[in-house]
Amino acid sequence: MKYQEILQEIHEEIKPFKGEGQIATYIPELATVDPDKYGICLHCFDGQEYTLGDYEEKFSIQSISKVLTLSLAVSKIGERIWERVDVEPSGDPFNSLVQLEYEQGIPRNPLINSGAIVVADILVSILDDPKEDFLKFIRSICGNESINFNPKVAASEKATGFRNAALANMLKSFDNIKNDVDTVLDFYFHQCSLEMTCQELSRTFLLFANHGTQYGGTEQILPRRLGKRINAIMQTCGFYDEAGEFSFRVGLPGKSGVGGGIAAIYPQQYSVAVWSPRLNPKGNSVLGMKSLELLTTKTGYSIF
Ligand code: GLN
């Protein structure tokens, strides 16, 4: 497959859509990013990497981190996790409160904010040094010691995170947060502030393309069964109330974040990460979605 040519073609074909969408500003620190950045990295199973644009620039991975915290939590407590968080698409925005009330504090899925806050609580309970241990986990999957939180972004989220605080308090009222609310939120704001490049993210997501085994290594980070479950959740819940649209247009398991990143996988073929900060009204990268749509169209690969 001529992936490099395909990436060049995609870069040409997305040009007409370049000014579309808005950068996230509700987290003030994210508003300081250049909205016209664009990077993509595709990492194939044969070890080849295809790259274009700002693929070596760090950005805030935001909600993409929810797949990584979920992976660490299921690798520690296995299927028991589903007692505290469901696996249904929500059809509501990522920071919605409405379903929590009538679903008795069980979030719809682990990839919306409420679900990720429950997963954060689980990690705070089981890890000795939660933030440090989470970083170690990501660094080992990615084989890169430079991966870190961005303290400015974490502080910015904390200063404006009223909705997340509301979600955490609501969850606590249903006894689905076991630790101190501020400690759990502190962990959550830090995981969202994680900075990675498209290259680092695509290497990390090879884990999900490879049934839970770290690519280039032999370590089975997630049992095969749980790796499959995480892919299923990405497919059905990875894009909040646009998960159907992403399945429809792209047809790959993936996850987006309000920093403008999207990571996706084609099992046993490749993982791909794309970054472009301008978002559509549902909080997903306009050019990111468009690029991946063109990628699956041009390669002819989709899990369907
Ligand atoms: N940190 C962001 C928030 O909690 C993550 C949202 C996202 O990327 N969709 O609002």
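The values are calculated or read from the model by the stated rules, or taken from the named source; none is laboratory data. None of the values given here were measured: they were computed from a predicted structure. Neighbour counts are summed over all protein chains in view; Cβ atoms, including those assigned to glycine, are modelled from backbone coordinates with ideal geometry. Just so you know, the surface numbers come from the protein's heavy atoms only, side chains and all, with ligands and any DNA or RNA stripped out. Shrake-Rupley method; radii C 1.70, N 1.55, O 1.52, S 1.80 Å.
Among the chymotrypsin sites (Phe, Trp or Tyr not before Pro) within the range 26-90, those in coil by DSSP and having at most 15 neighbouring Cβ atoms inside 10 Å are Tyr26, Phe45.
Applying the Karplus relation 6.51 cos²θ - 1.76 cosθ + 1.60 with θ = phi - 60° to the range 294-304 yields 3J(HN,Hα) values of 5, 4, 6, 5, 6, 7, x, 8, 7, 5, 9 Hz, where x marks Gly and Pro. In sequence order, the range 93-101 has phi-based couplings of x, 4, 10, 6, 9, 4, 6, 4, 5 Hz under the Karplus curve 6.51 cos²θ - 1.76 cosθ + 1.60, θ = phi - 60°, and Gly or Pro positions carry x. Where in the range 234-256 does the label zone of Ala166 land, with the point 7 angstrom along Cα→C-beta and an amide N cut-off under 18 Å? Those under the cut-off are 241.
Accessible surface area normalised per residue over the range 12-162 is 44 Å², counting heavy atoms of protein chains with a 1.4 Å rolling probe.
Helix 224-237 against the longest principal axis of the chain: what's the angle in degrees, Cα atoms only, rounded to the nearest 10? Here the helix axis deviates by roughly 80 degrees.
What number comes out for the charge environment of Glu245, summing +1 per Lys or Arg and -1 per Asp or Glu over other residues with Cβ under 13 Å away? With Lys, Arg at +1 and Asp, Glu at -1, the neighbours total 0. Here the 3J(HN,Hα) profile of the range 254-268, calculated from phi with Karplus coefficients 6.51, -1.76 and 1.60 at θ = phi - 60°, is x, 8, 10, x, 6, x, x, x, 9, 10, 9, 9, 10, x, 6 Hz, Gly and Pro shown as x. Helix 151-160 versus the longest principal axis of the chain: what is the Cα-based angle in degrees, 0 to 90, to the nearest 10? Its long axis makes an angle of about 60 degrees. Give me the angle, in degrees from 0 to 90, between the Cα long axis of helix 113-126 and the longest principal axis of the Cα atoms of the chain, rounded to the nearest 10. Helix 113-126 and the main axis of the chain meet at about 70 degrees. Mind listing which trypsin sites (Lys or Arg not before Pro) in the range 131-188 are in a DSSP loop and have 14 or fewer other Cβ atoms within 10 Å? Hits after loop and neighbour filter: Lys178.
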